[in-house]
Amino acid sequence: MLEQKVADAVEFFRGEPGFHRLFLLMKKKYQSLGRIGGTVKLDGFSFEEKEALGAFFGKDFHQESTPSASLKMFAEQLEKTRFAGIPLVTLLENYFGEDITTNQEKRETDRKKKEEFFQNLIHQYPEQARLLSFIAESAPQNRFIHIAYSQDREHLETVLKNVCTALQHLPKKGDYERLSIFSQKVLKDPHAFDLHTFQGKVFLHALQFYSDQDYDLSSVEEVNELLQSFGILREDILNFVTCAGILTETEQGIHSVFASAVKTNTVLNVPLREILKLKRAYPAKGQTVFVVENSGVFSALLDLFPDAFPPLICTNGQFKLASLMLIDLIIQEGCQIYYSGDFDPEGLKMAQRLKERNQEHIHLWHFQLEDYLASSPEVLLSDDRVAKLETVTIEELQPIKEKMREIKKAGYQEEILKKLYEDICRHMWD
């Protein structure tokens, strides 16, 4: 009997003007609140629709500046009609021909589905259980993965399975594989983990999770360093370091190319491919190696030592992995590294990064406030670049940082070339 009454009510309300629009609004309100309550605005309803609704509610909606209808009042008025005994939710569900799920119920259902999604993956890849559990959390760093889940969970499942498989086939400690060769081996596609792709980004995200340190995944060089720490090389030919006055050794003994370069006063551009073969690296003379950021400064300094080049390294701008690995080898010999870079926000961040790599053996070279002022800073810095100074936190760079933030100007190494030369001379003569 109730079923017939509901059918009659649906037929009645479908034939009355305004009720379809009202029911749509009430459905949305119920889904939002999770209960029968609240009001819906009747903005935009026609004169005829307001007349029909007013007759049902016993109100004159024409007299209200912002007419609205209460869901509870509708339910109460329904009880005064021949359709008494029909719950409002039942009426709405039959009117629209579907079960109406509240937003809260939908969120709970979605939460359970997502939990089941990750639990199934954990069951298939127990070795990556910690990683998958971490990804399942709605942490800010996982947001891009959760967006992918909402857009195409089947694709995300494939990606996560591929990444878990890749993690199980990482090179053994001490071995190296190029990224394209690794990708071909794991998924039969050399571009499977290209880093601009979603799958490549998830792969980096996973390596970051298992890494002992945090890397800036927006930095090409830090990404290369992260990959290298797991035995994967992104580029080992164009990734190079420039050096002079440096001797090295492989498992076979002293490297003849480096030895000849020292003997003949020759500069070497050494690709990462060759750096990886080295077991030792040290200055040809003394226990100090000087590192500069700019190739022009590097070459100008060498011009001042025509008879015998000092131990000098050029990073050619941002640190490439080849530079960092050569510096690490030199530090392993107990040698001291003196680093000089530009006086701009990017230069200070580079100096900080290198200093944090090894507090004992790396020294910031002419990074005092007087050096910054001596560089005759004239190049104006944009507000965006000045904002980068907030990430410069080590104590010895604070005087330059504060002055740079005040005057908003950059200075460069070229202006303090004489100071750098005099320091190198003192070390060579000691």
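The values are calculated or read from the model by the stated rules, or taken from the named source; none is laboratory data. Fair warning: this is a prediction, and the values are worked out from it, not measured in the lab. Every residue, glycine among them, receives a Cβ derived from its backbone with ideal geometry; neighbour counts consider all protein chains shown. Quick note on the areas: whole protein, heavy atoms, side chains included, nothing else; ligands and nucleic acids left out. Shrake-Rupley method; radii C 1.70, N 1.55, O 1.52, S 1.80 Å.
Please go through region 179-214 and give me each residue that is crowded, with 16+ Cβ neighbours inside 10 Å and closer than 27 Å to Lys279 by Cβ, ordered by number.
Leu179, Ser180, Phe182, Leu207
Looking at Lys403, Lys408 in this structure, which one is of a type in the set (Lys, Arg) and either touching a Cys at 6+ places or on another chain (Cβ under 6 Å) or at positive phi (or both)?
Going through Lys403, Lys408 in turn, the sole match is Lys408.
Between residues in region 263-275 that are closer than 17 Å to Asp328 by Cβ and open to solvent by 60 Å² or more (accessible area, probe 1.4 Å) and residues that are outside any helix (DSSP H, G or I) and not polar (S, T, N, Q), which pairs lie under 7 Å by C-beta distance while being six or more apart or on different chains?
Qualifying pairs under 7 Å: Arg273/Asp236; Arg273/Ile237.
May I ask you to say which residue of Leu312, Leu304 is in contact with a helix residue (DSSP H, G or I) (Cβ under 7 Å, 6 or more places away or on another chain), at pLDDT 95 or above, aliphatic (A, V, I, L, M) and surrounded by fewer than 16 Cβ atoms within 10 Å (Cβ to Cβ)?
Leu304
Filter region 1-35 down to the residues that are surrounded by 16 or more Cβ atoms within 10 Å (Cβ to Cβ) and among the aromatic types (Phe, Trp, Tyr) and list them by number.
Phe13, Phe19, Phe23, Tyr30
In region 73-94, what residues are open to solvent by 10 Å² or more (accessible area, probe 1.4 Å), farther than 19 Å from Ala55 by Cβ and not in a loop (DSSP other than H, G, I, E, B)?
Val89, Thr90, Glu93, Asn94
Show the residue pairs meeting these rules: Cβ distance below 8 Å; 6+ apart or different chains; first residue within region 192-208 and part of a loop (DSSP other than H, G, I, E, B); second residue among the charged types (D, E, K, R) and modelled with pLDDT under 95.
Leu195/Arg234
Each row is one residue, and each column tells you yes or no for (1) over 25 Å from His255 (Cα atoms); (2) in contact with a helix residue (DSSP H, G or I) (Cβ under 8 Å, 6 or more places away or on another chain); (3) at pLDDT below 95.
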residue: Val292; (1), (2), (3): no, yes, no
residue: Gln318; (1), (2), (3): yes, yes, yes
residue: Ile331; (1), (2), (3): no, no, no
residue: His361; (1), (2), (3): no, yes, no
